[in-house]
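Presented below is the structure to which this report refers.
Bear in mind these aren't lab numbers, they're just calculated from the coordinates by the rules spelled out. This structure is a prediction, so every number in the text was calculated from the model and none was measured. Reconstructed Cβ throughout: ideal geometry from the backbone, glycine too, with neighbour counts over all protein chains shown.
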Amino acid sequence: MCHQTVSLTARYLEAHGVPTVILGSAKDIVEHCGVPRFVYSDFPLGNSAGKPDDRVSQAETLELALQVLESAPGPRTTVQSPQRWSDDPSWKLDFQNVDRIPAEEIQRRRAEFDKIKEIGQKVRDDTLAARTTNNTGTGETRS
């Protein structure tokens, strides 16, 4: 989910008395939004809750988030996770860099994305069709 959307939602919740802590990897965006509590992981986007398929990493991230929620010294507190994505910092150069992704992999990802778009379009079309065929008992279509 978009870091900015989550951050602005957290600010809204906080304004209405619901404490929050954001897990994120886009430090500039989250801090610009001014969230009360933020656990920053220097991981690729989409991995804010820990490394994929790594329960230990995810549990440690959750524990850190709960500690921050419980003990943040003041508003706009950012705590950096001690976890590292890799000992080799070159992952930042490689991550989603099309110049470093083999053509076959780009082609595979594009085909996968096109398939997902087709599924999404079918769901949308089916939903719209169902809305227009269902009526409210008065002969009117629902919108």
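Summary of computed values
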read-out	value
Theoretical gain in end-to-end length, Arg100 to Asp126 [0.36 nm per residue, Cα-Cα removed]	5.5 nm
Highest-MSF residue in the chain out of Thr20, Thr127, Thr77 [GNM, Cα springs under 10 Å]	Thr127
The chain: DSSP helices with Cα axial extent of at least 15 Å and average Kyte-Doolittle hydropathy no lower than -1.0	3-15, 55-71
Dipole magnitude of the range 10-143, debye to nearest 20 (Cβ charges: Lys/Arg +1, Asp/Glu -1, about Cα centre)	440 debye
Whole-Å distance, taken between Cα centres, linking the range 4-26 and the range 60-117	19 Å
Cα gyration tensor shape for the chain, rounded if a/c is under 1.5, else prolate or oblate	oblate
Under-5 Å amide H pairs with Ile22, H placed in peptide plane, nonlocal only	Arg37, Phe38, Val39
Theoretical FRET efficiency, 1/(1+(r/R0)^6), r = Cβ-Cβ of Leu66 and His16, R0 25 Å, to 0.05	0.75
Overall form of the range 82-125 per C-alpha gyration tensor (a/c, 1.5; a/b vs b/c)	oblate
Relative contact order of the chain, pairs being alpha-carbon contacts under 8 Å that are 6 or more residues apart, as %	17 percent
Residue among Ala59, Phe95, Leu128 farthest towards the positive dipole end of the chain, charges placed on Cβ	Leu128
Two-site label geometry, Met1 and Thr77: point separation in nm, points 7 Å out along Cα→Cβ	2.2 nm
